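Undergrad: Please find one structure pasted underneath; my questions will follow.
The values are calculated or read from the model by the stated rules, or taken from the named source; none is laboratory data. Note that the coordinates shown come from a computational prediction; the quantities given were computed from them, not determined experimentally. Note that we place each Cβ from the backbone using ideal geometry, even for glycine, and neighbour counts take in every protein chain shown.
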Amino acid sequence: MAEIKLKDVTPVCSEMADDPSKRKPVERVSESSQIKEFYPMTLTPFVPTEIEQQDQASQSAFQIQVTGLARRLRATGSQNVVLGLSGGMDSSLAFLVCVHAFEKLNLPTSGIHVVFLPGPGTSQLSRNNCQQLAIQFEVTFREIAIHDALYAHLRDIGHPGNVFGLTFENAQSRERTQILMDLAGLVGGFVVGTGDMSELALGWCTYNADQMSMYNVNAGIPKTFIQAQLAWYARSYQDKPIASVLQAIIAAPISPELQPLSTDGTSPQQTEQQIGPYLLHDFFLFHTLRDGLAPEELFNISSDVFKSMYTPTEILKWMRVFYRRFITQQYKRSAMPDGPSVFSIGLSPRTALAMPSDASPALWLEALDELEKTIRSSQAGDYL
């Protein structure tokens, strides 16, 4: 089915694809720098604004992912991989990468062992999306429910099983990873990871669970770009059933589905309600790592770019979440598996981001405290 012609390409992102002449100068107003700098003034700095450029960048990134996995397959001599498919965007993209990597090497796609691992919080929507995606290709698909193993484990450690906190959630993630790892050993393959760069930046993953694999094809791809990639793939197969499947996956709410379902069968968890919009976090990540912006500079640019979507108070709230999680969750990235580098920035502790795991976010949070005082003073002045 893989009709897409993958070309030899170099890493592409919007910082390369944007026309520099269209970039808008923004004044850096902090005391440390009074010069003007040019920044890509878009809501999605990782994603080009034009569809044609999005498709080019998506195809380029996809080729890098496919080539990286193909090289790992060739290096290990394996003809089998194991992938946990949840029905969400990240695992769906990783699944497509696996299919194309196997076809690139002329390996039978039956060596792709796709596992759906439903638990107490798995919705029917996720089940349907997962099944519909898997049947588009000749892969080895199986469903392994984790309920019995989960509750047996919780009993073993003295957990009541009806307290739905962090232990309840993490136990599910680790149970799923144990199954995938042991199945990989059984079939003589390795586990392909699915977590994306945005999740890794925020530490939105469980240590030694979905944080871990033998090779993570999505580690260099931010969430906003993954959505663009799936949309590109759907456009490439717009006359095939997989297009509607991917459109449904893109439209589904982003949720880890680790809490018991609501009475209407939906998950009570909405990721972006808990940790903030990925649109903002990817913007913060890009300008923090690529441009090295200080909190005040990042806040000023964010407030300008997102002024029609978020208030300064909302931006400050999610910046606080970003800095706290980005800095304190480095220990998860210090132990992250290999994966392909796609953009000019990355999080790999080996090739991209050298950062101590015990760093403190105090300085960044103090800077935000000062910004918050300024905002409050400004708001108070409006009523005088």
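Undergrad: State yes or no: is ARG142 within 30 Å of THR263 (Cα to Cα) and touching a residue at least 12 places away in the same chain (Cβ under 8 Å)?
TA: The answer is yes for ARG142.
Undergrad: While we're on this one: So, of the residues in region 171-205 that are over 19 Å from ALA335 (Cβ atoms) and part of a loop (DSSP other than H, G, I, E, B), which turns out to be farthest from the chain's Cα centre (by Cα)?
TA: In this case the residue turns out to be GLY188.
Undergrad: Moving on. I'm checking my understanding of the structure. Among residues of region 145-170 that are surrounded by 15 or more Cβ atoms within 10 Å (Cβ to Cβ) and touching a residue at least 40 places away in the same chain (Cβ under 8 Å), which one is farthest from the chain's Cα centre (by Cα)?
TA: Residue satisfying both the conditions and the ranking: PHE168.
Table: residues versus (1) surrounded by 15 or more Cβ atoms within 10 Å (Cβ to Cβ); (2) of a type in the set (Gly, Ala, Ser); (3) farther than 21 Å from ARG127 by Cβ.
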residue	(1), (2), (3)
TYR233	yes, no, yes
PRO241	no, no, no
ILE249	yes, no, no
ILE254	yes, no, no
LEU261	yes, no, no
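Undergrad: Just one of the numbered conditions (1) of a type outside the set (Lys, Arg); (2) surrounded by fewer than 21 Cβ atoms within 10 Å (Cβ to Cβ); (3) more than 25 Å from ALA252 (Cβ to Cβ) is not true of GLN227; which one?
TA: So the condition that GLN227 fails would be (3).
Undergrad: Could you tell me which residue of region 292-315 is nearest to TRP364 (Cα to Cα), considering only residues that are surrounded by fewer than 17 Cβ atoms within 10 Å (Cβ to Cβ) and among the acidic types (Asp, Glu)?
TA: Here the residue is GLU314.
Undergrad: How many of the residues in region 342-351 are under 15 Å from PHE326 (Cβ atoms) and at pLDDT below 95?
TA: 1
Undergrad: Still on this structure, I have one more. Considering only residues that are closer than 23 Å to SER78 by Cα, in a loop (DSSP other than H, G, I, E, B) and either within 15 Å of the chain's Cα centre (by Cα) or small (Gly, Ala, Ser) (or both), which ones fall in region 206-219?
TA: ALA209, ASP210, GLN211, MET212, SER213, VAL217, ASN218, ALA219
Undergrad: What residue, among those in region 223-278 that are among the charged types (D, E, K, R) and in contact (Cβ under 8 Å) with a residue 60 or more places away in the chain, is farthest from GLN53 (Cα to Cα)?
TA: Checked region 223-278; the qualifying residue farthest from GLN53 (Cα to Cα) is GLU257.
Undergrad: Within the bounds of region 84-91, is there any residue that is polar (S, T, N, Q) and on the phi < 0 side of the Ramachandran plot?
TA: Yes - at least one qualifying residue is present in region 84-91.
Undergrad: Can you tell me how many residues in region 297-338 are out of contact with any Asp or Glu (no Cβ under 8 Å at 6 or more places or on another chain), in a helix (DSSP H, G or I), under 27 Å from GLY195 (Cα atoms) and aliphatic (A, V, I, L, M)?
TA: Looking only at that region, the number is 5.
Undergrad: Within region 66-84, count every residue that is within 15 Å of GLY189 (Cβ to Cβ) and in contact (Cβ under 8 Å) with a residue 40 or more places away in the chain.
TA: 10
Undergrad: Mind listing whichever residues of region 93-144 are of a type in the set (A, V, I, L, M), closer than 24 Å to ALA171 by Cα and surrounded by fewer than 19 Cβ atoms within 10 Å (Cβ to Cβ)?
TA: The answer is ILE144, and nothing else.
Undergrad: Which of the residues that make up region 220-274 are under 17 Å from the mean Cα position of the chain (by Cα) and small (Gly, Ala, Ser)?
TA: Scanning region 220-274 gives GLY220, ALA228, ALA231, ALA251, ALA252, SER255.
Undergrad: Also, I was wondering about something else. Only one of GLY119, GLY88 is small (Gly, Ala, Ser) and over 20 Å from ALA243 (Cα atoms). Can you tell me which?
TA: Just one listed residue meets the conditions, GLY119.
Undergrad: Filter region 63-106 for residues that are more than 15 Å from the chain's Cα centre (by Cα) and part of a loop (DSSP other than H, G, I, E, B) and give the result.
TA: Across region 63-106, the qualifying residues are GLY77, SER78, GLN79, ASN80, LEU105, ASN106.
Undergrad: With respect to ARG127, determine if the residue is among the charged types (D, E, K, R), in a strand (DSSP E or B) and out of contact with any Cys (no Cβ under 6 Å at 6 or more places or on another chain).
TA: no
Undergrad: Being in a helix (DSSP H, G or I) and loosely packed, with under 12 Cβ neighbours inside 10 Å is the filter here; which residues of region 348-368 pass it?
TA: The answer is ALA362, GLU366.
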